[in-house]
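Chemist: Before I ask anything, let me first share the structure, which is written out below as structure tokens.
Please treat every number below as a calculation from the coordinates, not as lab data. Just so it is clear, the structure is predicted and the values come from calculations on it, not from any experiment. Neighbour counts run over all protein chains shown; Cβ positions are idealised from the backbone, glycine included.
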Amino acid sequence: MQAFMKKPDIQTQLEDRILVLDGAMGTMIQGYGLQEVDFRTEAFNGIKKSLRGNNDLLSITRPDVIREIHEAYLQAGADIIETNTFSGTTIAQEDYECESFVDQINLVSAQIARQAADKFTALDSSKPRYVAGSIGPTNKTASISPDVNDPGFRSITFDQLKVAFKQQMKGLQEGGVDLFLIETVLDTLNAKAALMAAFELRDETGIELPVMLSGTITDASGRTLSGQTTEAFLISIAHFPLLSVGINCALGAKNMLPYVKELSRKSNFYISAHPNAGLPNEMGEYDESPEMMQDQIREFLDQGLMNIIGGCCGSTPDHIRSIAELCAKYEPRKLNE
């Protein structure tokens, strides 16, 4: 494995300041107006399905676009950037017949992010930049049947999920990520498979990478898709040695606040949040300006809830810049005794 730039341990940074996570990758990619040809090289000639929209492939076919997005977020003040691997498992890539490219997707995506982060760390060593390997929830769930007429049916098993996550994490680790971010957790059983994969990989390689875990509250019921309340979600994963636990996606900052507050009050992990830029409008677009999002996030900081904060769907470098400017004025949340 190649050598990477030495940086302070991320935990020492979290003790001193609030770290800023980057914003949406998909939102930025949409702004490039990419076409089918951008998602292909000769290696994909055998695949007849349309690959447009399989954003993870862009790390292979248009690395210039992905690098530019990473650098835009770093320039805006992000301390942590996420790899372009939200769908980087064989399970998620099956829809595009791209399972055989998973190792390459994760390795190359991590390398692109690593190069961008190291470039900005070298420019200012007092503000080290970190790379989080983004691990999405997949398009299958271990706790929920996809067939309303057969509640006991499952389209995936725990072991299948664990194998897929472990393969993804191995590629990310070889590419040089500093930590794993298991995010947008809809089904906690899926998340547990990812956590088991992470710690099995740690045991096998002897490389200890911190793990962030971020769940999703899907609607006003205050529950995850698999039916857990925030407290139940926390209890079910609290025995894992996590770096942080948090909430992302689905909700804007205003609606996310009570759930983040509950995590902060009841958890002894660092707390993260990366909300959407509001709720999508009737056109599926996000209307919250950087100033609006900043005003809402100020309440998180006034209450001393945060250690890591960024943006999810609809957020851009301008949103992250506003968040970074705000976070610089606040002390981080201290861990509960």
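Chemist: Which percent, to the nearest 5, of DSSP beta bridges fully inside region 10-327 are antiparallel?
Modeler: Antiparallel: roughly 5 percent of the beta bridges in region 10-327.
Chemist: Take each of the peptides 308-316, 151-159, average the number of other beta-carbon atoms within 10 Å over its residues, and list them starting from the highest.
Modeler: The most tightly packed comes first, giving 308-316, 151-159.
Chemist: Extending each Cα 7 Å along its Cβ direction at GLU99 and GLU68, get the distance between those two points in nm, one decimal.
Modeler: Once both label points are built, they end up 3.5 nm from each other.
Chemist: Same structure again: Assuming a ≥ b ≥ c are the square roots of the Cα gyration tensor eigenvalues, decide whether the chain counts as rounded (a/c under 1.5), prolate (otherwise, with a/b larger than b/c) or oblate.
Modeler: Rounded, because the longest to shortest axis ratio a/c is under 1.5.
Chemist: Contour minus end-to-end for ASN139 and ASN336, with contour as 0.36 nm per residue of separation and end-to-end as the Cα-Cα distance?
Modeler: Contour length minus Cα-Cα distance gives 67.4 nm.
Chemist: Would you mind pulling out the separation of the Cα centroids of region 128-204 and region 239-255, in Å?
Modeler: 16
Chemist: Is the shape of region 216-337 rounded, prolate or oblate, going by the alpha carbon gyration tensor and its root eigenvalues a ≥ b ≥ c, with a/c under 1.5 for rounded and a/b larger than b/c for prolate?
Modeler: Here region 216-337 falls in the oblate category.
Chemist: Which of the three applies to region 109-193, rounded, prolate or oblate, going by the alpha-carbon gyration tensor with a ≥ b ≥ c and a/c under 1.5 meaning rounded?
Modeler: Judged from the Cα gyration tensor, region 109-193 comes out prolate (a/c at least 1.5, a/b above b/c).
Chemist: Name the most mobile residue of SER267, SER236, SER59, meaning the one with the largest mean-square fluctuation, in a Gaussian network model of the chain with Cα contacts below 10 Å.
Modeler: Maximum fluctuation in the GNM of the chain, among the listed residues, is at SER236.
Chemist: Can you list the residues, at least 5 places off or on another chain, whose amide H is less than 5 Å from the amide H of GLY215, using H built in the peptide plane?
Modeler: The list, which skips near neighbours in sequence, is VAL185, GLY246, ILE247, ASN248.
Chemist: Calculated from DSSP H runs of 4 or more alone, at -39500 (n - 2.57) each and per residue, what is the 222 nm mean residue ellipticity of the chain, nearest 500?
Modeler: -12500 deg cm²/dmol
Chemist: Right, something else. Compute the relative contact order of region 10-327 as a whole-number percentage, counting only Cα pairs closer than 8 Å that sit 6 or more residues apart in sequence.
Modeler: It comes to 19 percent, rounded to a whole number.
Chemist: Helices from the chain with mean Kyte-Doolittle at least -0.5 and a Cα length along the axis of 24 Å or more, per DSSP H: which?
Modeler: Length and hydropathy pass: 102-123, 188-205.
Chemist: Let me ask something else. Based on other C-beta atoms within 10 Å, arrange PHE300, PHE269 from fewest to most.
Modeler: If I rank by nearby Cβ atoms, fewest first, I get PHE269, PHE300.
Chemist: Right, another one. Once fully extended, how much extra length lies between ARG223 and ASP302, figured as 0.36 nm per residue of separation less the alpha-carbon to alpha-carbon distance?
Modeler: 25.9 nm
Chemist: Which order do VAL37, VAL163, VAL177, VAL65 fall in if you start with the one that has the fewest other Cβ atoms within 10 Å?
Modeler: By the 10 Å Cβ count, ascending: VAL37, VAL163, VAL65, VAL177.
Chemist: On to the next question. If we sort 168-176, 120-128 on the protection proxy, mean other Cβ atoms within 10 Å, highest first, what's the order?
Modeler: 168-176, 120-128
Chemist: Here's a follow-up. Just going by the charge dipole of region 10-327, with Lys and Arg at +1 and Asp and Glu at -1 on Cβ, which of GLN294, ASN45, GLN11 is farthest out on the positive end?
Modeler: GLN11
Chemist: Here's another thing I want to ask about it. Using 1/(1 + (r/R0)^6) with R0 = 25 angstrom and r between the beta carbons of VAL37 and GLU285, what's the FRET efficiency to the nearest 0.05?
Modeler: Working from the Cβ atoms, E equals 0.50.
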